[in-house]
Each structure stands twice: as C-alpha cells, then as structure tokens.
Amino acid sequence: MGQLKKKFAEKALPLSVEIKQFMKENGNIPMGDFTVEDIFAGQKGIIGLLTETSLLDANEGIRFRGYTIPELRQKLPKVPGGTEPLPEGLFYLMLLNEMPTYDDVLDIQADWRTRSEVPAHVFKTLDSLPLNTHPMTQFSIGIMAMQTESVFAKAYHDGINKKDYWDPTYEDVCNLLARLPQVAAYIYRRTYKNNEHIAPSPELDWAANFAHMLGYDQVEFYKLMRLYLTIHADHEGGNVSAHTTHLVGSALSDPYLAFSASMNGLAGPLHGLANQEVVRWIFEMRDEIGHAPSKEQIADYIHKTLLDGKVVPGYGHAILRKTDPRFLAQQEFARTYMPDDELVNIVWNIYEVAPPILEGTGKIKNPWPNVDAHSGALLLHYGLNEYDFFTVLFGVSRALGVLASLMWDRALSLPIERPKSVTYEWLKKAVEAKKANA
Ligand code: CMX
C-alpha cells in the first residue's frame, strides 16, 4: 500500500466509527428545521426540490400527476385491443398534467419517428468500445456521443434569451426520447447478438418498436415492454437518476449532458443496477443449492447475505415503507402470462420469506420489495437472458420522467442547485454550542 493510501485508511476508518457514534448520541438534536441525523442521512425527508411530474407516498407508492400505477394501467391510451398503457401517453401526462387521448399518443409517435435517426458517429463511438464494456457505460457514452446534436447547447452559444430556454430544451428532450431505444438496442445487439442489428419498424409504437429492435417480436413481450417502460418512468425528484438530471441540468448543461449523468447514477447497484443484481443473486443462490431453492433455503441464503455484509438486492427503499406497487403490477402481469415460470416462483417465494427476516434486523427501514425485485424474472421468461443489460431498459424508461421534469425546470426557470454543506468539525461545534445553551 502506498503511503498516501495507508495514511488515508488510518485517518478515515477510525473517523467513520467516531461519526457513527456521534450520530447515535446527537442525531436527534435539532439543526435549523432539521436534525443532526438529517445532515448525515443523504438529505432523506428534507423537502428541497420542486418536481411536478410525480409524487411518492411512503405507504401508497408513486402517483404520476395524481394517478397511481393501477389507474395508469387502466386510463392511459393503449393500442387497439391492447392491455397495457402506451408509455408515450405517460410522457404526455407528465409533461402537460392532462390525460392524453389515443390521437394525442399517435401524434407523439409521428413526431418522434421524424426525430428518430441516430447520427452515424454514435454507432461508431459505441463500436470503438471493448465488448465487455458494461451496457450502462455504453449507454451513457452513446448519449454523450449524441450531444453533438444538442439544439440547446447551440442556442445558448448563439445567445438565446433565458425566457426561451424551454424551446431548444424541448427539441433535445424529444430527439433524445426518439433515439434512445435505437441506441439501447444497438448496444444489446452489438454486445450479445454478433453485431447483427435490426432496423426500426416505423408502424410500431415506441415500446413495441424497441422490443422489435432488441429482437423480441412476441406480442406478449410488446405488452411487457409497454408496462415496463411505463412503470419505471419516474419516482419523484429526489431519487438519484431524477435528482442528477435536475442537478446537472440546473447548471444549464444541456439535456444530453444531464441525462447521461443521470444514467451514471442509475448504474449504481443501490439504484437501477439492482435489477441485474437481483437476478445474479438468485442465480448464485440456485447454483450453490443445485436446484430451485425451497423457502427454508431462501431464508438461509438471506441470512448468509446479511452476515457477509451485503444487501439483499430488490428489497428496501429510501422512502417507500410498503411493497412497491410497481412490484405488484409486475406480479399481476406474471400471474396472467407465466404463473408456472420457475424463476418467477422463486421471486414470489423470496417475497414471502424476506420481509420478516429483513425486519428482524431492526435497522432496515423498509423490508418490502421494490421495483427491481421482479423485473428481471419477466424479461428472462421471454429469453432476454443477458441481465447486465437490464438497467439500460430501466434507463430508457426513466428518460420519460426525468426529461419531462427537465422541461419544467427550464420553463419555470429553476435556479442552479447549491445546497449548503458543513464539515464534521462545524457540526461538532454547533452541537456543543446547542448543548451549552440548553
Ligand atoms: N439488504 C440488506 N441491508 C439493507 C437493505 C437490504 N435490502 N436495505 C437497507 N439495508 C441496510 C442499509 O444498508 C443500512 O445499513 P447500515 O446502517 O449498516 O449502513 C440500514 O439497512 C438502514 O438502511 P435504510 O435506511 O433502510 O435504507 P437506505 O435508505 O439507506 O437505502 C436502499 C435504501 C434502497 C439503498 C437500500 O434499501 C438497499 O440497499 N436495497 C438493496 C438495493 C436495491 O434494491 N436498490 C434498488 C432501489 C430501487 C431503485 O432505486 O431502483
């Protein structure tokens, strides 16, 4: 170990223990409108953002412009005879706070089709990456490569008046949404399918065309994609991907820069990457046991995971305190189309076994499954086995919500984001002063 690294470890590790103890002893001391603990705990519970597109209730789950997930599945326009909502309609709802008609959705589809051509240099950029580059890294780089097309960046360079920012932002947002499925599908096919690409099918809706370009043309898979791209679209403003888009966008970085940054956050295992981690965790459990695990074996494996100092992926949430309605929507889909699927049944058994064990630790605030606990099993059912790719699907969906929000950031002229931070020394002194004055 080099001297610098050694010295860092000597300083940081004891300080981490000291700060944990400090928080235990002083966490509930008020600090302005908040407490000492709030400062340390990733700003959870601190209201510090305006986000119009969706609102999360700890017990009820997400509402998009006031609509719950079951309501969206019922009320958003569908293809004729379809059963799942069209995600383009959700974008319309999030942007305008108005439920679209089917014609409104057709209008978006027609507009996005005209914008959908991905510049050739984007594919060249992706082709230059080693094939073992994680698909989320490729996705982020692909988005960055498209930034050459930013209408906002050009307009800013040319001296646009700030009251007009929303207009080139709209152009970038819609161009991005129109192009992301093809970029994502290109990454999938180059990484896993011998670089054999599938041309878009312009008569299909956004989600079905994406499924088609990935190489999955089953009608049921189209339905799954429509559902998947709807339920992953937004989760109010404070989650890492939404907050990052807002934060980076607040510096007037254009939508490509802001969204690519957001995808780097989604690629973290405590956020969107959890969907691949769930499948990896289940496969490792199954491999270790040698067959589909019983409920007792699942319980043992959860205990082992916790003892090893790891998280049980797909469980827990920073805000939610009940089973995620996005998990339940996927469970309902699975009950309809694949009730006997082995992996799906393992997911359901984990749902029975995990919550009491996680609750029993006494520290995990939400022992219930989140959206990522179920999504992988549905994709695997249709043969989409390459689970390192799953977070890219999440990313394509998340674009709908965070980019609709970015439109509002620019339209409302929300200012650059700059929360105040303090040092531990500052905090200690402030706590001492409070105690002295008590
Ligand atoms: N397994 C094991 N331990 C967990 C846990 C889980 N599923 N969920 C929380 N904990 C632990 C935390 O690591 C923390 O431990 P320490 O005190 O030792 O640091 C403690 O319980 C308290 O955490 P919390 O307040 O309940 O949860 P946080 O708000 O800090 O974190 C989340 C929320 C989602 C990061 C966490 O629950 C987690 O790591 N879950 C597993 C990963 C996952 O599924 N992420 C996807 C979330 C949905 C999404 O964004 O896509």
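Some observations on this one:
- FRET efficiency estimate (nearest 0.05) - Cβ-Cβ, LYS154 to LEU270, R0 35 angstrom: 0.45
- Fully extending the segment from LEU129 to TYR382 would add 88.3 nm, taking 0.36 nm per residue of separation and subtracting the current Cα-Cα distance.
- Ellipticity estimate at 222 nm from DSSP helix runs (n ≥ 4, -39,500 (n - 2.57)) divided over the chain, nearest 500: -19000 deg cm²/dmol
- Legend: residue pairs LYS44/LYS435; LYS11/LYS428; LYS24/LYS44; LYS11/LYS363, Cα-Cα distance threshold 19 Å; pairs beyond threshold, LYS44/LYS435; LYS11/LYS363.
- Extended-chain gain in nm, criterion 0.36 nm per residue less alpha-carbon gap, LYS193 and GLN21: 56.7 nm
- Sequence ranges 115-125, 240-250, ranked by mean other-Cβ count within 10 angstrom, highest first: 240-250, 115-125
- A simple spin-label model places pseudo-atoms 7 Å from Cα toward Cβ; at ILE47 and THR114 they are separated by 4.2 nm.
- Kirkwood hydrodynamic radius of the chain, from inverse mean 1/r over distinct Cα pairs, in Å: 23.3 Å
- Projecting the Cα atoms of GLY362, ILE346, PHE64 onto the charge dipole of the chain (Cβ charges, centred on the Cα centre) puts GLY362 farthest toward the positive pole.
- Between segment 48-80 and segment 93-117, the alpha-carbon centres lie 18 Å apart.
- For segment 262-281, the residues whose backbone nitrogen is under 17 Å from a point 7 Å from the Cα of GLU417, taken along Cα to Cβ, are 262-268, 271-272.
- Distance between modelled label sites at GLU288 and TYR337, nm, 7 Å Cα→Cβ extension: 3.1 nm
- By average C-beta atoms within 10 angstrom, highest first, the peptides 99-109, 22-32, 261-271: 261-271, 99-109, 22-32
- The mean sequence distance of close C-alpha pairs (under 8 Å, at least 6 residues apart), as a share of the length of segment 77-127, puts its relative contact order at 26 percent.
- Taking the number of Cβ atoms within 10 Å of each Cβ as an exposure proxy, the fewest-first ranking of TRP166, TRP426 is TRP426, TRP166.
- Structural descriptor for the chain: relative contact order 20 percent, calculated from alpha carbon pairs under 8 angstrom and at least 6 residues apart.
- Span from the segment 196-225 Cα centroid across to the segment 121-152 one, whole angstrom: 21 Å
- Sorting 372-380, 50-58 by their mean Cβ neighbour count within 10 Å, with the most densely packed peptide first, gives 372-380, 50-58.
- Between the alpha-carbon centres of segment 165-187 and segment 239-264 there is a gap of 14 Å.
Taken together, the values in this text are just the output of simple stated rules run on the coordinates, not laboratory data. Every value quoted in this text rests on a predicted model; they were computed, and no experiment measured them. Glycine also receives a Cβ, built like all others from the backbone with ideal geometry; neighbour counts cover every protein chain displayed.
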